[in-house]
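One structure below.
The values are calculated or read from the model by the stated rules, or taken from the named source; none is laboratory data. Remember, it's a predicted structure, so these values are computed and weren't measured experimentally. As a convention, Cβ positions derive from the backbone with ideal geometry for all residues, glycine included, and neighbour counts pool all protein chains shown. The accessibility values were calculated without ligands, DNA or RNA, using every heavy atom of the protein model including side chains. Shrake-Rupley method; radii C 1.70, N 1.55, O 1.52, S 1.80 Å.
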Amino acid sequence: MQLEHWDAHTSYGHTYALVNEPAVSPRGEARSNCEIFRQLATRMGFNEPCFADSDETLAANAFTAALPFETLRREGWVKLPLPDAPFAQGGFPTPNGKAWAIGPGVPLPDHVPNYESVVSAPKLAQRFPLAMISPPARNFLNSTFVNVKSLRDIEAAPVLEMHADDAAPRGIADGDTVRVFNERGDYHCVARVNQRARPGVVNGLGIWWRKLGLNHTNVNELTHQQLTDLGQAPSFYDCLVEVAPLHQTVASVPA
């Protein structure tokens with residue numbers, strides 16, 4: 001884990017560089033990523049000098065004389081000589097300096113319809129009329145912290161936030177256990193009827209481990225694996241679902 005190994009962090013949403021020093025020794029048989037690669041290299045017969053470098057040496061090598069590693073160790077962090085808003089006055093690295101470039105093979109930013117929406121998939125939307133987004137539960141981070149009981153106690157249970165305009169016609173009240181489903185699967189959670197979700201959209205708070213789900217599932221049962229056009233990133237906020245009270249009989253969904 002992060003507390004057990006050396007690392008160097010450059011900017012991630014900020015303009016600082018930081019050094020990560022180990023605070024505790026690895027527990028049990030845990031090993032750093034670098035140690036795993038060193039041992040793999042040995043087993044595979046690689047003998048380049050770099051595979052003998054320690055984690056601390058590798059972290060130090062990530063910096064130059066202009067930004068000495070020892071300075072980072074002493075200060076903990078150093079602001080990089082970068083502007084906070086580098087493109088505030090333009091200056092994009094394109095032939096014309098603008099955010100998009102005109103030229104052969106240069107993709108232009110454009111609007112691409114959702115894979116799943118009332119407009120792009122009207123037949124699908126007849127069966128699954130609600131758009132679902134799946135932001136993290138507020139007290140978890142990525143797939144971590146779900147193991148911390150005190151944080152699970154704060155979250156209480158997997159939650160789906162709904163607007164009253166969507167909950168009322170479905171006979172759903174705040175605190176009801178509901179089934180969220182589409183043709184990929186279904187997911188059981190607790191409905192929270194509030195103003196955080198706008199009409200037509202439900203917020204399925206994610207990150208809950210499957211084994212902790214009410215029916216041993218999580219929101220990932222419902223999202224698809226299509227990728228975005230630029231960057232080939234996940235498009236898991238592009239998802240149509242239907243919601244029903246768990247006690248209500250719902251016809252099986254055709255594949």
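Just a few scattered comments:
- Proximal lysines to Lys98, defined as alpha-carbon separation beneath 27 angstrom and excluding residues fewer than eight positions away on the same chain: none
- The spacing between region 191-206 and region 1-74, judged by their C-alpha centroids, is 42 Å.
- Tyr16, Tyr187, Tyr115, ranked by accessible area, largest first (probe 1.4 Å): Tyr115, Tyr16, Tyr187
- Net charge over other residues, Cβ less than 12 angstrom from the Cβ of Asp186 (K, R count +1; D, E count -1): -1
- 15 Å beta-carbon shell around Asp53, net charge (K/R +1, D/E -1): -4
- The aspartates and glutamates within cross-link reach of Lys211, meaning a Cα-to-Cα straight distance under 14 Å and a gap of 8 or more places when in the same chain, are Glu221.
- Cα gyration tensor, region 22-153 - rounded (a/c under 1.5), prolate or oblate: oblate
- Residues Val243, Val148, ordered by accessible area of protein heavy atoms at a 1.4 angstrom probe radius and largest first, appear as Val148, Val243.
- Accessible area per residue in Å² at 1.4 Å probe, computed on region 130-255: 52 Å²
- For the chain, the 222 nm mean residue ellipticity estimated from helices alone, with every DSSP H stretch of n ≥ 4 adding -39500 (n - 2.57) and the total spread over all residues, rounds to -4500 deg cm²/dmol.
- Cα long-axis angle, helix 33-44 against the chain (0 to 90 degrees, to the nearest 10): 70 degrees
- Mean projection area, nm², convex hull over Cα of region 1-61: 5.0 nm²
- Counted over all Cα-Cα pairs of region 120-255, pairs farther apart than 17 Å make up 58 percent.
- In the assembled protein chains, Phe181 presents an accessible area of approximately 10 Å² (probe radius 1.4 Å).
- Share of carbon and sulfur in the accessible area of the chain stands at 57%, probe radius 1.4 Å.
- Calculated mean projected area of the Cα convex hull in nm² (choose from [x] 21.2; [y] 14.6; [z] 13.1), label: [x]
- Per-residue surface analysis assigns Trp6 an accessible area of about 50 Å², computed on protein heavy atoms at 1.4 Å probe radius.
- Accessible surface of Glu70, taken over heavy atoms with a 1.4 Å probe and every protein chain present, rounds to 110 Å².
- Dipole of region 123-255, positive end: most advanced residue of Leu227, Gly175, Ala164 [Cβ charges, Cα centre]: Gly175
- Each Lys and Arg adds +1 at its Cβ and each Asp and Glu adds -1 at its Cβ; summed about the Cα centre, region 27-141 shows a dipole of about 440 debye.
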